[in-house]
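The values are calculated or read from the model by the stated rules, or taken from the named source; none is laboratory data. Fair warning: this is a prediction, and the values are worked out from it, not measured in the lab. Heads up, the Cβs are rebuilt from the backbone with ideal geometry, glycines too, and the neighbour counts pull from every protein chain shown.
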């Protein structure tokens, strides 16, 4: 007679550690963008992380989130007492598992200090940047298809290469011991091949790896780049593949003089100001000086009227002063009956403190960003707390400004 053996189904229950991420919104309020990550590989760490934008970066929120993920991924280092000053999320050794951003799974592993994401070897810097992009997208959608699209897009091209394709690549050289900063056009001519415009119709080719190395030095200042301190002659020879003639360098200098970074940024910003003035002729009035520099801009918002001026006291985050058209009470003495009367007058109240999130924006860009925000002032007032104290009267009690008469005010 055969004995009957009963088997028990045993399930290994894996506890998934969840971390809430609160990303402070880029305004002076106390609101946050919210998402979460989860992983069964987490060994220690906080259950909630708050991220504040890095105002020194060209993309303040992305930079802060990228630094947060780099801090998670880095292996802890022990000090002489045997303790690590870094929060140890993944432990000290190798790991292999699934990292979740909301409900979007990403395969993540570390072997001998080398990282892979979805089976593809990438640097920790690249993976942190990818996580930052996907996590920020996850603040606005729960659709995994959209999150995966952001993931694959981020993995195909690095953040630096995307940036230079859209904004040109920075480069500098020296002329008469003076540093010349310029920006050069970049074009993608193959899956992993790019071209940089060195002169009028003169393009030099380089691989994706070399373009990243170029960015490492001229964007981030990393000294391990093969392109560090590369002058015009050596740059021409490296990218074009032949020794330049004196005439080639002369033509190159003239071309670069027309692509100076500061001039390009200001000219683009000025053109943007003129474009929005043409786009909203009845709501925006721009006043420039004799040199074409913006001096004043008047904006008819949905609820109030605004004046922007070229500030006499500039900072990196505030080059433009903001005023709103408001009413105040004026007490005047009546000499006949020795009494006093209260009268009202309209005036430009301010200046109102409205800072840029990131440093280094040009004067024209600061005019333009404020103009777009104040066109929809019913939304901006709700978001920027510093404006509210200047608004003494409701919109329907506000006397509107005649845009044809503003230059006389």
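Structure above, values below:
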item	result
Test for residue 223: is it free of Cβ contacts under 8 Å to residues at least 40 places away in the same chain and either farther than 29 Å from residue 129 by Cα or not assigned by TED's automatic domain parsing to the domain that holds residue 363 (or both)	yes
Residue count for the stretch 145-155, restricted to those that are farther than 28 Å from residue 196 by Cβ and surrounded by 15 or more Cβ atoms within 10 Å (Cβ to Cβ)	4
Qualifying residue in the stretch 1-24 (condition: part of a loop (DSSP other than H, G, I, E, B), at pLDDT 70 or above and buried (at least 17 other Cβ atoms within 10 Å of the Cβ))	no
Selected residue (criterion: farthest from residue 34 (Cα to Cα)) from residues of the stretch 110-134 that are buried (at least 18 other Cβ atoms within 10 Å of the Cβ) and out of contact with any helix residue (DSSP H, G or I) (no Cβ under 6 Å at 6 or more places or on another chain)	110
Filter result for residue 70 (closer than 28 Å to residue 166 by Cβ, in contact with a helix residue (DSSP H, G or I) (Cβ under 6 Å, 6 or more places away or on another chain) and buried (at least 17 other Cβ atoms within 10 Å of the Cβ))	no
Segments classed as strands (runs of 3 or more DSSP E), wholly inside the stretch 36-150, with at least 3 members that are more than 26 Å from the chain's Cα centre (by Cα)	95-101, 104-111, 114-117
